[in-house]
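All remarks here apply to the structure that follows.
The values are calculated or read from the model by the stated rules, or taken from the named source; none is laboratory data. Values in this document were obtained by computation on a predicted structure and should not be read as measured data. Positions of Cβ are generated from backbone atoms using ideal geometry, with glycine treated the same way; all protein chains shown enter the neighbour counts. Ligands, DNA and RNA are excluded from the accessible area calculation, which covers all protein heavy atoms including side chains. Shrake-Rupley method; radii C 1.70, N 1.55, O 1.52, S 1.80 Å.
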Amino acid sequence: MNPDNDAGHGRSGVSRRNFLGGGLVAAAVTPLLNATAEAEAAEAASATADGVAQVLVRAAVNGAPVTVLVDPRATLLDTLREKLDLKGTKKGCDRGQCGACTVHVDGRRVLSCLTLAASTTGHEVTTIEGLADGDRLHPMQQAFVEHDGLQCGFCTPGQIMSAVAMVDDEGPARSDDEIRERMSGNICRCSAYPRIVDAIRDAQKVMR
Amino acid sequence: MRPYTFAQARSVREALRGAGSDTAFLAGGTTLVDLMKLEVMTPERVVDINRLPLDGITLDRKGLHIGALERMSDVAADPAVRENYPMVAQALELSASAQLRNMASIGGNLLQRTRCGYFRDVSTPCNKREPGSGCSALEGVNRGHAVLGTSDDCIASHPSDLAVPLVALSTVVHLASARGTRSVPLDTFYTLPGSTPDVENVLRPNELITGITVPRSPWAAHSLYVKVRDRQSYEFALTSAAVALEVRGRTITNARVAAGGVGTRPWRLTAVERALTGRPATSATFEAAVVRAADGAQPREHNAFKPALLRRTLVRALTELQESR
Ligand SMILES: Cc1cc2nc3c(=O)[nH]c(=O)nc-3n(C[C@H](O)[C@H](O)[C@H](O)COP(=O)(O)OP(=O)(O)OC[C@H]3O[C@@H](n4cnc5c(N)ncnc54)[C@H](O)[C@@H]3O)c2cc1C
Ligand code: SF4
Ligand code: FES
Ligand code: FES
C-alpha cells in the first residue's frame with residue numbers, strides 16, 4: 001500500500017497539492033475569511049450546534065480558497081447552495097440516484113448530495129459556476145445551448161458537469177451508445193436524452 | 001440526520017482509537033451518508049478514513065492486492081485488473097454510475113447495505129434495522145429480494161456486484177483492529193441472516209478493512225460478469241453471474257462460478273463448478289451444470305422468477321465466455 005497520503009485520488013492531473021496554485025477563476029461570492037475571522041471560526045468550532053462541534057473546512061471552490069464552518073452533517077450540496085450561494089448545483093433526489101448535484105472534486109465527477117462538506121478540506125471543488133471562462137461559455141455549455149439539450153433545465157448543470165468530466169477526466173466516448181452508458185448517472189425527467197447525446201458528441205470534438 | 005461528531009484520521013491507529021459500535025468510518029460515503037439521512041444508520045461518531053494510506057493496486061506472485069480505499073473507478077480502469085481478472089473490472093463497471101464509482105471505495109463496497117425498501121424506510125418493521133420488529137418484505141414488495149440463504153426473519157439480497165466475482169475467486173479480506181490484524185476469506189466474512197439479520201459479517205465494530213487479496217488464478221483471465229436488471233444501466237442486479245473457465249483442448253479443467261441478486265450474501269456455486277469440471281465446454285454441459293443451481297431456493301410472491309432467471313443468466317454467461325475465446 002502506498003504510504004504517501006498525498007497521492008490521493010486526484011488521478012486526473014489535478015493534484016491535491018497544487019489546488020491553490022495557478023490562475024484563480026473569477027472568484028465566486030464566498031465568505032472568504034481573513035485572519036481574525038479565521039480565529040473566530042476556530043473558536044466557533046468548539047461551540048456546538050445540536051450538541052456537536054462544527055467543522056472548519058478549507059477547500060478551493062471554483063479556484064478560490066474558501067474557509068467555511070459547517071455542521072458535520074452538512075452535505076457539500078447544501079453547503080454550496082446555502083452557505084456559498086452557489087445555487088447552480090441542483091438538488092434532485094438527495095439520495096445519489098439522479099445526478100443533478102454532480103460537481104467535480106479534484107477534477108473527477110462526484111455527487112455533492114452524498115459528499116460531506118466536512119470531508120472536503122484540501123480538495124478542489126468545481127461547480128457549474130466555475131466552468132465558463134468569463135463571458136465565454138465552456139464548449140460543453142455552448143453545445144447544450146446550440147443543441148437545445150434540455151427542456152426544463154433542472155438536470156442540466158449536473159448533465160454538463162458530468163459530461164465535462166467524462167471527456168476531460170476519463171476520455172471522450174467512442175460512440176453514442178458509449179455516451180449513453182457513461183452518462184447513465186444523470187437522469188433527465190424531461191427525457192431530453194437525444195439532444196443531450198448530440199451536445200456531448202459535438203462538444204467532445206471541440207474539447208479534444 | 002442525527003447529530004454526530006466528525007473527525008479525520010491520519011493513520012489506522014488514529015482511526016481505531018476509541019472506535020466502537022457508536023462509530024462509523026467514512027470512506028466514499030455513498031452508503032453511509034445516504035443511510036444517515038434516512039436515519040437508518042445513526043452513528044454518534046463519524047471518522048473520515050480517506051486520509052489513511054490504504055491505497056494501491058498491485059499484482060504479485062500471490063495475487064492481486066487492492067487497498068480498501070481504492071475507488072471503484074480506479075480499480076475498474078487498472079490494466080492489471082482488466083487483463084488478469086476481467087470479471088472484476090466488468091462487475092465494477094456495471095455498478096452504480098460513473099459519479100458513484102469515483103466516490104465509492106472497495107472496502108465500503110463490500111460493506112454496503114441491502115437495498116430492501118423496508119430496511120431503508122424507518123416507518124416500517126424490519127428485523128435487520130430493528131431486531132425483533134418483524135420482516136415487512138416476507139409478504140410485501142419482494143421482487144428484488146433473495147431466494148437463497150434466506151430465513152423467516154430476513155430475505156434481503158446482498159447488493160454488491162463486486163463481491164460476486166470476488167467470492168468466486170476465493171478473495172481474502174484483510175482486517176485491522178487495536179488488537180492486531182487478521183485475514184478472513186470473503187466467503188466466510190459474510191454471514192447468513194438466520195435469526196440475526198442485523199449481523200451481516202464478522203467485522204467487529206472496532207475493526208477496519210485495510211484491503212483485499214484476490215489469489216493468483218490464471219484462469220481468471222478468461223472470465224465474465226453478466227448482470228440482468230430492470231434497466232440497462234444504473235440499477236442493481238435482479239440476477240448476475242460471475243464465471244471463469246480454464247479450458248484445455250475441449251475440456252474444462254477449472255471452473256469458478258458465483259451469483260448475485262439471488263442470495264442473502266454473494267453466492268458461490270461450487271456444485272455448478274464441480275458439474276462443469278472435467279466436461280467438454282459445450283452448451284449441453286452448461287445446460288446440465290446449472291440445472292441444480294437454484295436448489296433450495298425459497299421464492300416469494302414477486303421474485304418467483306429468480307431461480308429460472310438465475311439458470312439462464314449462468315448459461316448465458318458461460319456461453320458468451322466460451323464464444324469469446
Ligand atoms: C444510486 C446508487 C446506485 C448504486 N448501484 C450499485 C450497483 O449497481 N452495484 C453495486 O455493487 N453497488 C451499487 N451502489 C452501492 C455502492 O457501490 C456503495 O454505496 C459503495 O460501494 C459504498 O462504498 P463507500 O466507499 O461509498 O462506502 P461508505 O458509504 O463510506 O461506507 C459504507 C459502510 O462501510 C463502512 N466502511 C467503509 N469503509 C470501511 C473500511 N475500510 N473498514 C471498515 N468499515 C468501512 C462505513 O462505516 C459504512 O458503514 C449504488 C449506490 C447508490 C447510491
Ligand atoms: S428483508 Fe430483511 S432488510 Fe428487508 S424488511 Fe425483511 S428483515 Fe428488513
Ligand atoms: S441530488 Fe444528488 S444524485 Fe440526486
Ligand atoms: S431537462 Fe428537465 S429534467 Fe432534464
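Right, B:VAL33: away from ligand 3 (no atom under 16 Å from the Cβ), among the β-branched types (Val, Ile, Thr) and either at negative phi or surrounded by fewer than 24 Cβ atoms within 10 Å (Cβ to Cβ) (or both) or not? Quick ask: steps written out before the conclusion?
Values: away from ligand 3 (no atom under 16 Å from the Cβ): no; among the β-branched types (Val, Ile, Thr): yes; either at negative phi or surrounded by fewer than 24 Cβ atoms within 10 Å (Cβ to Cβ) (or both): yes.
Taking the combined requirement at face value, the residue does not satisfy it.
Hey, among B:GLY107, B:GLY144, B:GLY67, B:GLY56, which residue is within 22 Å of B:LEU32 (Cα to Cα), in contact with a His (Cβ under 9 Å, 6 or more places away or on another chain) and within 16 Å of ligand 1 (Cβ to nearest atom)?
B:GLY144
What pairs come up if the first residue lies in the stretch A:83-101 and is in contact (Cβ under 8 Å) with a residue 60 or more places away in the chain and of a type in the set (A, V, I, L, M, F, W, C), the second is more than 6 Å from ligand 3 (Cβ to nearest atom) and not in a loop (DSSP other than H, G, I, E, B), and their beta carbons are under 8 Å apart, counting only those six or more places apart or on different chains?
So the pair list comes out as A:CYS98/A:GLY158; A:ALA100/A:PRO157; A:ALA100/A:GLY158.
Conditions (1) in contact with a helix residue (DSSP H, G or I) (Cβ under 9 Å, 6 or more places away or on another chain); (2) part of a loop (DSSP other than H, G, I, E, B); (3) away from ligand 4 (no atom under 16 Å from the Cβ); (4) closer than 25 Å to A:GLY63 by Cβ, marked per residue:
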| residue | (1), (2), (3), (4) |
| --- | --- |
| A:GLN141 | yes, no, no, yes |
| A:VAL145 | yes, no, no, yes |
| A:ASP148 | yes, yes, no, no |
| A:MET161 | yes, no, no, yes |
| A:VAL164 | yes, no, yes, yes |
| A:PRO172 | yes, yes, yes, yes |
| A:ARG180 | yes, no, no, no |
| A:SER191 | no, yes, no, no |
| A:ILE200 | yes, no, no, yes |
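Could you look through the stretch A:137-193, keep only residues that are among the small types (Gly, Ala, Ser) and in contact with a strand residue (DSSP E or B) (Cβ under 8 Å, 6 or more places away or on another chain), and pick out the one that is farthest from ligand 2 (Cβ to nearest atom)?
Among those that are among the small types (Gly, Ala, Ser) and in contact with a strand residue (DSSP E or B) (Cβ under 8 Å, 6 or more places away or on another chain), it is A:ALA165.
Residues to consider are B:THR285, B:THR313, B:THR270, B:THR264; find the one that is crowded, with 16+ Cβ neighbours inside 10 Å and out of contact with any Ser or Thr (no Cβ under 9 Å at 6 or more places or on another chain).
Details: B:THR313 fails: out of contact with any Ser or Thr (no Cβ under 9 Å at 6 or more places or on another chain); B:THR270 fails: crowded, with 16+ Cβ neighbours inside 10 Å; B:THR264 fails: out of contact with any Ser or Thr (no Cβ under 9 Å at 6 or more places or on another chain).
That would be B:THR285, the only listed residue that is crowded, with 16+ Cβ neighbours inside 10 Å and out of contact with any Ser or Thr (no Cβ under 9 Å at 6 or more places or on another chain).
Which of the residues spanning the stretch B:101-131 are buried (at least 24 other Cβ atoms within 10 Å of the Cβ) and within 16 Å of ligand 3 (Cβ to nearest atom)?
Once the filter is applied, which keeps residues that are buried (at least 24 other Cβ atoms within 10 Å of the Cβ) and within 16 Å of ligand 3 (Cβ to nearest atom), the stretch B:101-131 yields B:ARG101, B:ASN102, B:MET103, B:ALA104.
Residues B:GLY134, B:GLY140: which one is at positive phi, more than 14 Å from chain A (Cβ to nearest Cβ), more than 16 Å from ligand 3 (Cβ to nearest atom) and open to solvent by less than 40 Å² (accessible area, probe 1.4 Å)?
That would be B:GLY134, the only listed residue that is at positive phi, more than 14 Å from chain A (Cβ to nearest Cβ), more than 16 Å from ligand 3 (Cβ to nearest atom) and open to solvent by less than 40 Å² (accessible area, probe 1.4 Å).
Kindly indicate whether A:ALA132 is more than 16 Å from ligand 1 (Cβ to nearest atom) and in contact (Cβ under 8 Å) with a residue 12 or more places away in the chain. Full working, then the answer.
On the way: more than 16 Å from ligand 1 (Cβ to nearest atom): yes; in contact (Cβ under 8 Å) with a residue 12 or more places away in the chain: no.
No.
Answer yes if at least one residue in the stretch B:97-109 is over 26 Å from A:ILE187 (Cα atoms) and either part of a loop (DSSP other than H, G, I, E, B) or at the interface with chain A (Cβ under 8 Å from one of its Cβ atoms) (or both), and no otherwise.
no
Six or more apart or on different chains, Cβ atoms under 6 Å: show the pairs whose first residue is in the stretch B:213-238 and within 13 Å of chain A (Cβ to nearest Cβ) and whose second is assigned to a strand (DSSP E or B) and open to solvent by 20 Å² or more (accessible area, probe 1.4 Å).
Cβ pairs passing all conditions: B:THR213/B:HIS65; B:THR213/B:VAL172.
Give me the strands (runs of 3 or more DSSP E) completely within the stretch B:1-77, filtered to those with at least 2 residues that are more than 11 Å from chain A (Cβ to nearest Cβ), ordered by residue number.
Details: elements: B:5-8, B:23-26, B:45-48, B:57-60, B:63-67.
Passing ranges, in order: B:23-26, B:57-60, B:63-67.
Just checking: which of the strands (runs of 3 or more DSSP E) contained wholly in the stretch A:47-133 hold 1 or more residues that are more than 12 Å from chain B (Cβ to nearest Cβ) and of a type in the set (A, V, I, L, M)?
It comes to A:55-61, A:64-70, A:124-126.
Conditions: (1) away from chain A (no Cβ under 14 Å); (2) surrounded by 14 or more Cβ atoms within 10 Å (Cβ to Cβ); (3) modelled with pLDDT of 95 or more. B:LEU208 meets all but one. Number of the miss?
Among (1) away from chain A (no Cβ under 14 Å); (2) surrounded by 14 or more Cβ atoms within 10 Å (Cβ to Cβ); (3) modelled with pLDDT of 95 or more, the lone unmet condition for B:LEU208 is (1).
Anything in the stretch B:105-127 that is more than 6 Å from ligand 2 (Cβ to nearest atom) and of a type in the set (Val, Ile, Thr)? List them, or say none.
The answer is B:ILE106, B:VAL122, B:THR124.
I'm told B:VAL247 meets every condition in (1) of a type outside the set (Asp, Glu); (2) buried (at least 19 other Cβ atoms within 10 Å of the Cβ); (3) touching a His at 6+ places or on another chain (Cβ under 9 Å) except one. Can you identify the failing condition by its number?
Of everything listed in (1) of a type outside the set (Asp, Glu); (2) buried (at least 19 other Cβ atoms within 10 Å of the Cβ); (3) touching a His at 6+ places or on another chain (Cβ under 9 Å), B:VAL247 misses just condition (2).
Within the stretch B:156-165, does at least one residue satisfy the condition of being open to solvent by 20 Å² or more (accessible area, probe 1.4 Å), of a type in the set (D, E, K, R), outside the structural domain of B:ARG292 (by TED's automatic domain parsing) and more than 16 Å from ligand 4 (Cβ to nearest atom)?
Scanning the stretch B:156-165 turns up no residue that is open to solvent by 20 Å² or more (accessible area, probe 1.4 Å), of a type in the set (D, E, K, R), outside the structural domain of B:ARG292 (by TED's automatic domain parsing) and more than 16 Å from ligand 4 (Cβ to nearest atom).
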